[in-house]
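A short worksheet on the structure shown next.
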Amino acid sequence: MTTEPSGTPPLIEFRGVHHAFGRRPVLRNIDLGVARSEFVCMVGPSGCGKTTMLRMVAGLLAPMEGEVRYHGKKVGEPAHEIAFMFQDYSKALLPWRSVAGNVSLALEASGVKRAARADRIRGLLAKVGLAGHEEQFPMQLSGGMQQRLQIARCLAQEPSVLLMDEPFGALDAMTRQALQDELLRIIRTTGMTALFVTHDLEEAIYLSDRVVVLHPNPGRIAQIFPVTLPKPRNQLTTREHSEFLRLRHEIFNFISEGEP
Amino acid sequence: MRFLKGAAFPLGFLALWEIWMRAAGIHSDSLAPPSQIAVAFYGVLVDGTILDRTGQTLAAALAGLAIGGGLAVVFSVVLGLVPTFARLMQFSIEVLRPVPPVALIPIAMLIFGFGFSMEITLCAFACFWPVAIYGHAAIVNIEPQLLDLSRVLRLSPWARAVKIVLPAALPRYFVAFRLSAAVALIIAVTVEIAINPLGVGFELMKAAQSLHPARMFAMLLWIGFIGWCLNAALLFAQRRLFGPAGLAARAR
């Protein structure tokens, strides 16, 4: 089942992971390897354990059986080089801190000296297109801008892995596409490895190198689809590409057939 | 316009009261016409009685609020962060909390005698519970995603408390303090009326016992005004202090 690209050992690895909440099994026999600088999307219906898998990589949750490895070592505690982007941006930002203050939190946590923070914050906000909004508060920003702010806070950790839990799910289509491209640009320039959870099949194909389809109850990996579309991706040409359409059909049919 | 509509009833009521008492020629030991109340109010205002007494009552109420509320903040943080302690204390809280603070007047009298200490202690007891209970709820119900965030960022326990937990709970603590301020004032005035020779409550009682209804009503209106001012001042502070965060807390 595991299909990591040949040669290089995986950066993130699930080995025989089982997990249950109470008596309800949520993950069964998960084996998955993610290579360095790879972009992997996980799609599947609610309750298939996508978020649980992300939380395991982040070190927020330990699997009951099996193990999750990062750099060949078992994940125990959260690590600085793994950043987590939460689904509900309105609850993941500190409402009492300004935009700059929210980015600063991650810098403070990494022990960056006060004098060095202002420059870093300015650079990070510019990178995500929030320059000039330093003094505003999260409540005053649109959903898209709040999610940009979360990206900036993640980048402040200088992570090598970015975990994203349906980050664009609540955004309108235009904002979502703009953020997808922004994200791909940032990932390309930093060489980060990305694990991305989404409900949206087209979003998964558009962003990723591999799409992992999960089945629910209990969550298990049903099939992994490699995406060979040319990069950089483009909202028009990529989505009109024959390979994109073929994948969309194939995965869509696969998911539909999987349903009882 | 809205102000005029709001004022129509009380002004009309006062006018009727005045007319009725004058027309019927009532001279009572328990009632006085508004004109005499106004004169009596002017009297206690000019001779400094009202300011002295108000100072005493507010000092006792606010000192009680500060002591009781302050202890309650510490208590609730420990309750919120140490679930075992919360379970241990649950029974004791449920037994102690419903005790009416005024029922403790006799004990407080025996321990402290007349004066500020007794009144402050009772106010502190009354203020402790709302702050402790609201504060505990605020800390327990903190957004779980924020706690996840503090773990992902690897914040130390101290940094987590200071940078995440307390700021997140602060607006609710302030609401608890605002409600407790009203409680403190009620308890202070009650203690003064019942037993303590201090403050506006004592002055009100004195006027009633010396059969001076105009002065009694003047004190009554003044006490109402103090309560209104205290609440308005704290509401104003809440809006100013918490800015956008305060807005967020009230929107929830």
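The values are calculated or read from the model by the stated rules, or taken from the named source; none is laboratory data. Keep in mind it's a predicted model, so treat the numbers as computed, not measured. For neighbour counting, all protein chains shown are included, and Cβ atoms are generated from backbone atoms with ideal geometry for every residue, glycine included.
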Query raised in the report: If you take the residues in segment A:54-69 that are without any contact (Cβ under 8 Å) to a residue 60 or more places away in the chain and of a type in the set (A, V, I, L, M), which one is farthest from the other protein chains (Cβ to nearest Cβ)?
Result: A:M64
Report task. Give the residues of segment B:106-144 that are crowded, with 16+ Cβ neighbours inside 10 Å, assigned to a helix (DSSP H, G or I) and within 14 Å of chain A (Cβ to nearest Cβ), sorted by residue number. Result -> B:A138
Report task. Assess whether A:K91 counts as being surrounded by fewer than 21 Cβ atoms within 10 Å (Cβ to Cβ) and either hydroxyl-bearing (S, T, Y) or within 11 Å of chain B (Cβ to nearest Cβ) (or both). Result -> yes
**Report entry** Failed condition for A:F84, given (1) farther than 16 Å from B:L153 by Cβ; (2) at pLDDT 90 or above; (3) within 16 Å of the chain's Cα centre (by Cα)
**Finding:** (1)
Query raised in the report: Taking the condition within 14 Å of chain B (Cβ to nearest Cβ) and either crowded, with 22+ Cβ neighbours inside 10 Å or at negative phi (or both), does A:A126 pass?
Result: no
Report summary line: For segment A:94-112, the count of residues that are within 10 Å of chain B (Cβ to nearest Cβ), in contact with a Phe, Trp or Tyr (Cβ under 8 Å, 6 or more places away or on another chain) and of a type outside the set (D, E, K, R) equals 3
Requested in this report: Just name the residue that is farthest from B:D148 (Cα to Cα) out of those in segment A:70-91 that are touching a residue at least 24 places away in the same chain (Cβ under 8 Å) and in a loop (DSSP other than H, G, I, E, B).
Outcome: A:G72
Query raised in the report: Among the candidates A:G16, A:G33, A:G47, which residue alone is away from every other protein chain (no Cβ under 14 Å), at positive phi and assigned to a strand (DSSP E or B)?
Result: A:G16
Requested in this report: Kindly provide the set of residues from segment B:29-50 that are in contact with a Pro (Cβ under 7 Å, 6 or more places away or on another chain) and either loosely packed, with under 14 Cβ neighbours inside 10 Å or without any contact (Cβ under 8 Å) to a residue 60 or more places away in the chain (or both), ordered by number.
Outcome: B:D29, B:S30
Query - Single unsatisfied condition, A:G132 versus (1) touching a Gly at 6+ places or on another chain (Cβ under 9 Å); (2) more than 18 Å from B:L146 (Cβ to Cβ) - result: (1)
Report task. Determine if segment B:70-91 includes at least one residue that is among the small types (G, A, S) and exposed (fewer than 11 other Cβ atoms within 10 Å of the Cβ). Result -> no
Report summary line: A:L130 meets each of (1) in a loop (DSSP other than H, G, I, E, B); (2) assigned by TED's automatic domain parsing to the domain that holds A:N234; (3) aliphatic (A, V, I, L, M) with one exception, condition (2)
Query - Residues that are in a loop (DSSP other than H, G, I, E, B) and among the polar types (S, T, N, Q), drawn from segment A:135-161 - result: A:Q136, A:S142, A:Q157, A:S160
**Report entry** Some residue of segment B:151-158 being closer than 25 Å to B:L58 by Cβ, away from chain A (no Cβ under 11 Å) and assigned to a helix (DSSP H, G or I)
**Finding:** no
